[in-house]
Each structure stands twice: as structure tokens, then as C-alpha cells.
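Q: Sharing a structure here in C-alpha cells format.
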Amino acid sequence: MFGSRCFLVGALLLPFFGPLAQAAALELPWLSEDKPAMAQGLGSQRLADELGVAPGPATFRSSAPLRAGPLALREAVAIAVNRHPSVLSAASAITQQEGAVDYAKAGYYPKISAGFNSGRVNTYGYSQVATVSVSQMIHDFGKVSGSVNQAQGQVFKQQALLLKQIDAIALETAETIVEVHRQQALLKIATDQVKAVQGVLEMVKMRADSGLTSQSDYIQATTREQSARANLQQVTTLLSQWRARLSTLVGNPLPASVADLPTDLEQTAHLDSPLDYAMLPDVLAAEADRKSAYGQLENAKAQRYPTIAIEASANEALSGTNPSNGIDRGSYNTVMLTGSMLLYEGGAVSAQIRSALAGIDHAESTINEARLSAEDLLLRSREQAVGARMRLGILGQRMATMTETRELYKEQYTVGTRSVLDLLNAEQEVYQAAADEEITRHDFWAGLITFIGASGRSRDAYALNNTSIQQIEIQQ
């Protein structure tokens, strides 16, 4: 059967060998033996010119215009992952590795080759012979399957790294949103403090002008008012810095503010749920490395055994005598069962086996390391969130007490039973209590976001599952 098929293939290819024989006498464009001289110097601009890098700053992919109104957390995360170039880079790496899988699977399929020989053969004189051959692997004791498993493991690894990159961008964006919102809240508190101290300053000025208090009270109030304005400027600068970072992630122009954090964020975090290692991209990547190492081991061990294949070939002399049978313009067909194996290759097989076993050990250690790191980060972020939530109740009571104290001190200062320093200190305590409460509230949110990222639930928490990110379908 194989002989007849090979002869048929040869008959089909035969018309193409005539022009090939005529072109044989033409000069072929061989590569020049002249080697380019080594560059004497290397710099960024020279390398960019050699690589053809276009001048000008790099730009992210354009993103859709942001809607009017405050920017919400999940909206910001969706925008960031859909415009960050690292996601597309990770997706390209998957496609590259899938090509390696297809290359490995090609070992299962027949190999068809064709050739052409022209020249003098022994006593037969000059002849031109066209050859077509087919080889089909029948059994190789796991060489091809090992290579496929090794390549498939790298595909799984790149898929895990893609999920890891999406989670990393989501985490960074969420943390930035929390910090922008923190500075927004602190800016309002600092603005209220400036207004409150200015009110005290006006009160003191009126009493000083009336002779009811000394000029030193006015100086003390002025100093506190300047300090409050300096603090306001510091908070404004921090807010601008975090907004600039957010702008890098989601694009320009930014809305005037970010929205309050979602009320269901704590419920989405599942603080009390056990850790599911199957959701951690680092663990999945290490598991993929282990699968790849086992494939390498399978392939290496199979090198000790023969590869059994069936081979068929057909050749025909286009001119002159066929050297295979001595017939003028004759043809010669063969079908054979072959077996081949390496007897000695300088210890290469043993080295591959040792490398594969070390790769398995390394992957298993990486899995344990990823689990340990995730557990450590989960425990710390959980304690941060729970501790901040417990402090919020106490800080709320402190804020209520200090607000009441401030009003009482204002009345007492008016009748002269309290000094201006007491009143200014009360204003400072009110500001500090309000700032501590907001800082703790945002520490609670930051702990939740860190916990979500460490537990691998980012795509679920930010509604990225079952969506398309840069034309990549993300499934749960």
C-alpha cells in the first residue's frame, strides 16, 4: 500500500523536476562568506537604530474615554487591564508556546520529503534522479508524547503567568484607587481644619482688638493657622501624586474624584474562607513547570529505546540510468520497517534525566514556596483588615467625644475660663481624630484588597471573569 502511494506521489511531483533540472545549471544565490565587521561601540541609540526602533516616547494603547462622574473601583480595574501592554505581551507568549506544542505533535504524523540528484554514478554515467520518500513513526516508547507534555506544560505556565499579570495590574489599580480616595478624604478634613482654625483666629482677633485678650493669643492662633494651611498643601501634593499614578493606569483625563469603595468589598474578599491553592497563579505556574519536567523526563528515558517506523520511497531516473537497479530511465520503490536507537551520545541521555529530575524537585519546591508566601500574605492582610475594623469603633467614639469637647471649649473661651491654647489644641485633636479614623478606614480597605490579591480572587472580586480583556476571553 505504501509503495503504491509513494509511486503516486512521485508521479505527481515528476512534472516539477524538469524545470528544476534546467535550473540546476544556474548560479544559486549562496550566502556570502564575508562576515560583517564587529561593531566597535554599542549604545542605546545605536542599538535602537539597528533594531529599527521608531523615535519618540512609548505610548500605551488608547483607552475609551472615561465616563462623567466619580471613577469607581471596578471600572478603573477594567480600564487598566484592558490597556496595559503587559497583558498582550503575556498573551503573545501563550501563542508562542502553543506553536511549540504543534511542533512537538508533528512527530505523530508522517514525514514526506522529495529530492533531486544529478551527477555521475559509478559506471552508469550521468543521470538525474528524482526521489520521494515517506516515513511514519509507529512506536517510539514515549519520545514524542514526552516532548508534547513538556511543551504543553509551558503553555499552561504562560496561561498562569497571564492570569498573574492581570491580577497584578488589578491589585495595583485597586491600591491606587484606595490611596486616591484616602487623600481625597484627608483633603476634606484638612480643609475643614483650616476653616476651623481661621474661625478661631477671627475670634481671637476680635477679642484682641477689643482688649479682652493679649496679642500673644493672636500670634499663637496665626501660627496654628499657618500650620494648618501647610498641612493642607502637603495633602494636596500627595493627592496629586496618587492621581498621576492612577492616570498612568487608566489614562487621561481623570474625573475630578474617585467614588467610594464598594460596600460589598468585604463580602467579596471572603476573609473567613479557606485558601484555594488552585486559584493562585504562582502555584499554577509551578504545577505547569512540574508537568513540563515530567514530560522532559519521559522523553529522556525514551531515548534509551528504539524508534520503530515504516518507511517507503520511490525514485525515478529522469535521464540516464537509475543507479538503484541499473535500468535506463528506470524507477525503484521500497517499503521497509525500520528501527533505530542511540547507542552512545557522550552521556547526553543521563544528563537529560538528571536535569528533568532536578526540574521536578525545583517545581515542587516552588509550589511549596508559593503556598507559603500566599499564606503569609493572607494572614497579615487579614489581620490588617480585622484590626482596622475593630479600631474604627473606638476611633468613632473618640471623634464624637472630641467634637463635643471642642464646642465646650469654645463656650468656655468666650467667657474667659479657657485659654486660646486650649481651644487650638482642641481643634488639633478634632482634626487628628478625624484623620486617624479615615486612615484606619482606608487601611481596612487596603487590607481587603491585599487579601483579595493574595487569595487569587481578584478576577472574581473586580468582575473580570467571563469577560474579554484585550480580546482574550477570561473564564472563571
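Q: Taking H placed 1.01 Å from N in the peptide plane, check which residues at least 5 places from residue 141 or on another chain put their amide H under 5 Å from its amide H.
A: Under 5 Å from the amide H of residue 141 lies no amide H from a residue far enough along the sequence or on another chain.
Q: Per residue of the chain, what 222 nm ellipticity follows from adding -39500 (n - 2.57) for every DSSP H run with n ≥ 4, rounded to the nearest 500? Spell out each step's value before the answer.
A: Working: 11 runs with 298 residues, N = 476.
My calculation for the chain gives -22500 deg cm²/dmol from helical runs alone.
Q: So for 169, 439, 327, fewest C-beta neighbours within 10 Å to most, what's the order? Present the calculation step by step, with values, prior to reporting the outcome.
A: Details: 169 21, 439 17, 327 13.
So the ranking, lowest neighbour count to highest, is 327, 439, 169.
Q: Order these by the 10 Å Cβ neighbour count, fewest first: 444, 156.
A: Numbers: 444 23, 156 18.
Neighbour counts put them in this order, fewest first: 156, 444.
Q: Here's something else I'd like to know. Note down the net charge around residue 436, summing +1 for each Lys or Arg and -1 for each Asp or Glu among other residues with Cβ under 13 Å from its Cβ. Don't skip to the answer; put the middle values down first.
A: Working: positive: 182, 391, 398, 441; negative: 429, 437, 438, 443.
Around residue 436, the surrounding residues sum to 0.
Q: Let me ask something else about it. Give me the net charge of residue 409's neighbourhood, meaning all other residues with Cβ under 15 Å from the Cβ of residue 409; Lys, Arg count +1, Asp, Glu -1. Write down the numbers at each step before the final one.
A: Details: positive: 207, 224, 406, 410, 418; negative: 217, 404, 407, 411, 422, 427, 429.
Charge balance near residue 409 sits at -2.
Q: What does the extension gain come out to for residue 305 and residue 139, with contour length at 0.36 nm per residue minus their alpha carbon separation?
A: Numbers: separation 166, 0.36 × 166 = 59.76 nm, distance 1.01 nm.
That pair, residue 305 and residue 139, stretches by 58.7 nm at full extension.
Q: Also: Which residues' amide hydrogens lie under 5 Å from the amide hydrogen of residue 469, considering only partners 5 or more residues apart or on another chain, with H built in the peptide plane?
A: 474
Q: Name the residues whose placed amide hydrogens come within less than 5 Å of the amide hydrogen of residue 257, ignoring near sequence neighbours (fewer than 5 apart) on the same chain.
A: 71
Q: Same structure, new question: Karplus couplings for region 267-283 from phi (6.51 cos²θ - 1.76 cosθ + 1.60, θ = phi - 60°), rounded to Hz, Gly and Pro as x?
A: Ordered by residue, 3J(HN,Hα) equals 5, 5, 5, 6, 4, 9, 7, x, 6, 9, 5, 5, 9, 8, x, 5, 5 Hz.
Q: Suppose R0 equals 41 Å. What FRET efficiency, 1/(1 + (r/R0)^6) with r the Cβ-Cβ distance, do residue 361 and residue 337 give to the nearest 0.05? Please list the in-between numbers first.
A: Values: r = 40 Å, r/R0 = 0.98.
Once the sixth-power term is evaluated, E becomes 0.55.
Q: Give me the one-decimal Kirkwood hydrodynamic radius in Å for the chain, with the sum taken over alpha-carbon pairs. Intermediate results must be reported in sequence, preceding the final value.
A: On the way: mean 1/r = 0.0331 Å⁻¹.
For the chain, the Kirkwood estimate is 30.2 Å.
Q: Here is a follow-up. Report, in degrees rounded to the nearest 10, the 0 to 90 angle that the Cα long axis of helix 85-105 makes with the longest principal axis of the chain.
A: 20
Q: Write down Rg/Rh for region 259-313, rounded to two decimals, with Rg from the C-alpha atoms and Rh from the Kirkwood relation over Cα pairs.
A: With Rg and the Kirkwood Rh in hand, the quotient comes to 1.45.
Q: Report the gain in length on full extension from residue 236 to residue 277: 0.36 nm times residue separation, minus Cα-Cα distance, nm rounded to one decimal. Numbers along the way, then the final one.
A: Working: separation 41, 0.36 × 41 = 14.76 nm, distance 4.14 nm.
Taking 0.36 nm per residue and subtracting the Cα distance, the gain is 10.6 nm.
Q: Still on this structure, I have one more. Once phi is turned into θ = phi - 60°, what whole-Hz ³J(HN,Hα) does the Karplus curve with 6.51, -1.76 and 1.60 give for every residue of region 206-214, x standing for Gly and Pro?
A: My calculation for region 206-214 gives 4, 5, 5, 5, 8, x, 7, 9, 7 Hz in order.
Q: What is the sum of charges, Lys and Arg at +1 and Asp and Glu at -1, for the other residues whose Cβ falls under 11 Å from the Cβ of residue 270?
A: Numbers: positive: 382, 457; negative: 266, 272, 276, 460.
Net charge in that neighbourhood comes out at -2.
Q: Convert each backbone phi in region 132-141 into a coupling constant with the Karplus relation 6.51 cos²θ - 1.76 cosθ + 1.60 (shift: θ = phi - 60°), then list the ³J(HN,Hα) values in order as whole Hz, x for Gly and Pro.
A: Taking θ as phi minus 60°, the curve returns 10, 9, 10, 10, 10, 5, 9, 7, 10, 6 Hz for region 132-141.
Q: Now, a different point. Once label points are set 7 Å from the Cα along Cα→Cβ at both residue 254 and residue 96, what is their separation, rounded to one decimal in nm?
A: 3.4
Q: Moving to a separate point now. Take the alpha carbon atoms of region 111-140, find their center, do the same for region 371-426, and report the distance between the two centers in whole angstrom.
A: Their Cα centres are 89 Å away from one another.
Q: What's the exposure ranking of 246, 377, going from fewest to most Cβ atoms within 10 Å? Walk me through the numbers before you get to the answer.
A: On the way: 246 21, 377 15.
Ascending Cβ contact count within 10 Å gives the list 377, 246.
Q: Could you rank the peptides 426-432, 454-460 by their average count of other C-beta atoms within 10 Å per residue, with the highest value first?
A: Ranked from most to least packed, the peptides come out as 454-460, 426-432.
Q: What's the extension gain from residue 379 to residue 408 if we count 0.36 nm per residue and subtract their Cα-Cα distance?
A: Values: separation 29, 0.36 × 29 = 10.44 nm, distance 4.37 nm.
Gain on stretching residue 379 to residue 408: 6.1 nm.
Q: Would you calculate the separation in nanometres between label points at residue 117 and residue 368, each defined as 7 Å from the Cα along the Cα-to-beta-carbon direction?
A: Going from the residue 117 label point to the residue 368 one covers 5.9 nm.
Q: Mind giving me the FRET efficiency for residue 108 and residue 390? R0 is 56 Å, r the Cβ-Cβ distance, nearest 0.05 is fine. Please report the intermediate quantities before stating the final value.
A: Working: r = 62 Å, r/R0 = 1.10.
Given R0 = 56 Å and the Cβ-Cβ separation, E is 0.35.
Since every read-out is calculated from the coordinates, none of them should be taken as a lab result. The shown structure was predicted, so the numbers you read here are calculated from the model rather than taken from an experiment. Cβ atoms come from the backbone with ideal geometry, glycine included; neighbour counts cover every protein chain shown.
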